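Okay, structure first, notes after.
The values are calculated or read from the model by the stated rules, or taken from the named source; none is laboratory data. Keep in mind that this is a model prediction, so the values were computed, not measured. Backbone-built Cβ (ideal geometry, glycine too); neighbour counts: all protein chains shown. Calculation scope for accessible area: heavy atoms of the full protein, side chains included, ligands and nucleic acids excluded. Shrake-Rupley method; radii C 1.70, N 1.55, O 1.52, S 1.80 Å.
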Amino acid sequence: MQQISFRNVKISTGQQPENGLHHLLYMLSLTLICLLFTAGPACNKKFDEPPGYSGTQLTANSSIRAIREMHFTGGYEKIFDEYIVEGIVIANDSSDNFYKSIVIQDSTGGITIRMDGNGLHNVYAVGRKVLVRLKELWLGDYAGMVQLGAGVDRSDPNYPELIAIPQPLFGRHILPMGLHYPVIPRVLKMDQLNDSLQSCLVTLADVEMPPADTGRPYADAVNNLSLNRTIRSCSGGSAYLRTSGFARFAAIKTPRGSGSITAVYTVFRTEKQLVIRDTSDVKLNGLRCTGRGPKLLFMEDFETAPTNTDLQYAGWKNISESGGKLFQAKTASNNRYAEISAFATGQPLFISWLILPPVNLANSANEVLSFATRDGFDNGAVLQVYISTNYDGGNTPWKSRWTPLKAAIAKGSVSGISNNWTSSGDISLHNFAGTVHIAFRYEGADPVFAYDKRTTNFQLDNVRIMGN
């Protein structure tokens with residue numbers, strides 16, 4: 001370690017220097033000591049730290065509409081000037097329905113920015129303000145849909161393609177600013193959609209999907225194929241709802257009512273397209289546009305069935321899976337109903353099915369099932385209601401896939417038949433579409449040994465399906 005010594009330097013400790021030269025030497029010595037021995041208390045003075053970086057000082061000098069007007073459909077334009085636009089992120093890759101891109105919007109319009117990266121939503125969240133430095137970027141379009149990118153791939157001269165902005169250039173061109181800016185869609189009618197609204201967030205009210213597109217997946221999640229579903233206005237006009245097969249909600253079933261949809265407006269050649277961020281953008285839970293109001297889709301009160309006989313209505317299935325006894329028509333207090341019990345069958349396992357005729361839900365929405373039950377001599381037998389979309393109408397329903405429905409069913413009357421009917425409540429069938437079957441399944445037992453008897457008597461009446 002190099003040693004540094006001071007010779008002929010006199011430092012006063014409490015006495016004034018004798019003259020100006022000594023004073024100068026005193027100050028120089030103290031300065032040198034401070035520089036060399038910064039740990040000393042005399043040199044350890046703290047100064048205020050500079051304020052942290054609070055964001056770029058750049059400001060917008062153009063608008064999204066002005067930038068879009070530089071583009072000629074089918075061409076590619078490089079931006080050479082120092083244009084800067086400011087916008088709010090209205091869509092990103094958070095649900096994988098916008099692939100490697102974000103969509104921004106200002107008061108004049110919107111534009112899609114292609115970005116070659118994943119997890120863009122972690123930085124460019126919906127509601128975040130961004131500044132876009134446009135110099136050296138390119139304008140292009142995909143089938144008429146205007147986009148921003150970093151260059152043009154002309155490897156196939158017949159099909160040039162806009163190149164996404166590479167990740168190392170994100171910080172140069174797409175500068176994140178503040179968060180939590182309001183994202184307010186433009187409320188429009190279907191016939192107001194036009195090219196000036198490309199990449200803008202819009203809300204269309206009083207719309208629905210046609211029956212062929214309701215209760216079906218938004219896209220093909222199995223094969224990762226994008227699909228179009230139709231959105232039509234109750235007052236006329238339509239657009240496609242475009243969903244990527246990679247979207248996280250691709251397998252979710254489309255709703256069957258009417259209401260509103262919020263989406264980013266896009267185009268594909270002459271086709272109008274809507275792209276949602278996620279399913280919360282779709283609020284189609286109201287009455288359908290046509291034939292509004294509740295309507296009866298199915299009703300049976302058993303009043304025409306011959307008493308004390310096995311039920312044999314046209315289209316119904318009355319099947320014994322085990323035990324050999326079927327649902328029968330019974331009468332009490334001038335009211336007819338269906339009844340089932342394992343009592344006196346002597347069977348260790350007793351299962352019977354009563355299946356309604358097929359019901360088509362394709363042309364309705366918001367369907368609900370309801371019925372009434374009474375029980376008697378309750379000792380543990382069970383009556384349940386199920387729905388199936390793949391039952392073939394044959395005599396082996398247990399081979400099909402059935403989904404239990406949550407219903408209130410009578411229970412607890414151990415000393416006789418209940419005096420009151422129990423309403424099932426409104427059982428929603430909203431998540432099912434197309435042709436369905438409703439089944440009532442009774443399971444009990446009447447073995448020789450009394451300890452395992454389950455022979456509860458169940459009565460069923462007023463089976464109804466309503467929709468709109």
*Determine, yes or no, whether residue 333 is hydroxyl-bearing (Ser, Thr, Tyr) and either touching a strand residue (DSSP E or B) at 6+ places or on another chain (Cβ under 7 Å) or closer than 30 Å to residue 232 by Cβ (or both).*
no
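Right, residue 88: assigned to a strand (DSSP E or B), at pLDDT 95 or above and more than 22 Å from residue 269 (Cα to Cα) or not?
Against the criterion (assigned to a strand (DSSP E or B), at pLDDT 95 or above and more than 22 Å from residue 269 (Cα to Cα)), residue 88 qualifies.
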*region 174-197, residues that are touching a strand residue (DSSP E or B) at 6+ places or on another chain (Cβ under 6 Å) and outside any strand (DSSP E or B)*: 177, 178, 181, 183, 185, 190, 193, 197
_Search result, residues across region 126-141 that are of a type in the set (A, V, I, L, M) and open to solvent by 30 Å² or more (accessible area, probe 1.4 Å)_ = 126
_Looking only at residues that are open to solvent by 10 Å² or more (accessible area, probe 1.4 Å), part of a loop (DSSP other than H, G, I, E, B) and modelled with pLDDT of 95 or more in region 234-246, which one is nearest to residue 288 (Cα to Cα)?_
244
_Residues of region 105-126 classified as over 17 Å from residue 178 (Cβ atoms) and hydroxyl-bearing (Ser, Thr, Tyr), total_ = 2
*Kindly indicate whether any position in region 225-233 is part of a strand (DSSP E or B), touching a Pro at 6+ places or on another chain (Cβ under 9 Å), farther than 24 Å from residue 148 by Cβ and without any contact (Cβ under 8 Å) to a residue 24 or more places away in the chain.*
yes
*List the pairs whose first member sits in region 191-220 and is over 21 Å from residue 363 (Cβ atoms) and acidic (Asp, Glu), whose second member is open to solvent by less than 40 Å² (accessible area, probe 1.4 Å) and part of a strand (DSSP E or B), and whose Cβ atoms are under 9 Å apart, counting only residues at least 6 apart or on separate chains?*
191/233; 195/146; 195/267
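Can you find, within region 439-462, the residue that is least open to solvent (accessible area, probe 1.4 Å) among those that are part of a loop (DSSP other than H, G, I, E, B) and of a type in the set (S, T, N, Q)?
Among those that are part of a loop (DSSP other than H, G, I, E, B) and of a type in the set (S, T, N, Q), it is 456.
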*Which residues, taken from region 333-347, are among the small types (Gly, Ala, Ser) and modelled with pLDDT under 95?*
333, 344, 346
*Those residues that are small (Gly, Ala, Ser) and open to solvent by less than 70 Å² (accessible area, probe 1.4 Å), I need them from region 147-197; list them, please.*
149, 150, 151, 164, 171, 178
_Count - residues of region 268-281 that are open to solvent by 10 Å² or more (accessible area, probe 1.4 Å), in contact with a strand residue (DSSP E or B) (Cβ under 8 Å, 6 or more places away or on another chain) and either in a loop (DSSP other than H, G, I, E, B) or under 14 Å from residue 202 (Cα atoms) (or both)_ = 5
*Kindly list, by first and then second residue, each pair from a residue in region 295-319 that is without any contact (Cβ under 8 Å) to a residue 60 or more places away in the chain to a residue that is acidic (Asp, Glu), limited to pairs with Cβ atoms under 7 Å and residues at least 6 apart or on different chains.*
318/310
*From (1) out of contact with any Ser or Thr (no Cβ under 8 Å at 6 or more places or on another chain); (2) closer than 30 Å to residue 78 by Cβ, pick out the condition that doesn't hold for residue 184.*
(2)
*Mind counting the residues in region 282-293 that are closer than 29 Å to residue 141 by Cβ and surrounded by fewer than 19 Cβ atoms within 10 Å (Cβ to Cβ)?*
0
*Name every residue in region 352-408 that is of a type in the set (Phe, Trp, Tyr), open to solvent by 50 Å² or more (accessible area, probe 1.4 Å) and within 22 Å of residue 312 (Cβ to Cβ), in order of residue number.*
398
*Residues that are out of contact with any His (no Cβ under 8 Å at 6 or more places or on another chain) and more than 17 Å from residue 462 (Cα to Cα): find the strands (runs of 3 or more DSSP E) completely inside region 321-426 holding 1 or more of those.*
350-355, 368-376, 382-388
*Checking residue 327 against (1) crowded, with 18+ Cβ neighbours inside 10 Å; (2) modelled with pLDDT under 95; (3) not hydroxyl-bearing (Ser, Thr, Tyr), which test does it fail?*
(2)
_Against the conditions (1) under 22 Å from residue 88 (Cβ atoms); (2) of a type in the set (Gly, Ala, Ser); (3) touching a residue at least 60 places away in the same chain (Cβ under 8 Å); (4) open to solvent by less than 40 Å² (accessible area, probe 1.4 Å), where does residue 144 fall short? Just the number, please._
(1)
*Name, by its number, the condition in (1) under 37 Å from the mean Cα position of the chain (by Cα); (2) open to solvent by 30 Å² or more (accessible area, probe 1.4 Å) that does not hold for residue 415.*
(1)
*Are there any pairs with C-beta distances below 6 angstrom linking a residue in region 87-111 that is farther than 16 Å from residue 202 by Cα to a residue that is among the β-branched types (Val, Ile, Thr) and open to solvent by 10 Å² or more (accessible area, probe 1.4 Å), with the two at least 6 apart or on different chains, and if so which?*
101/112
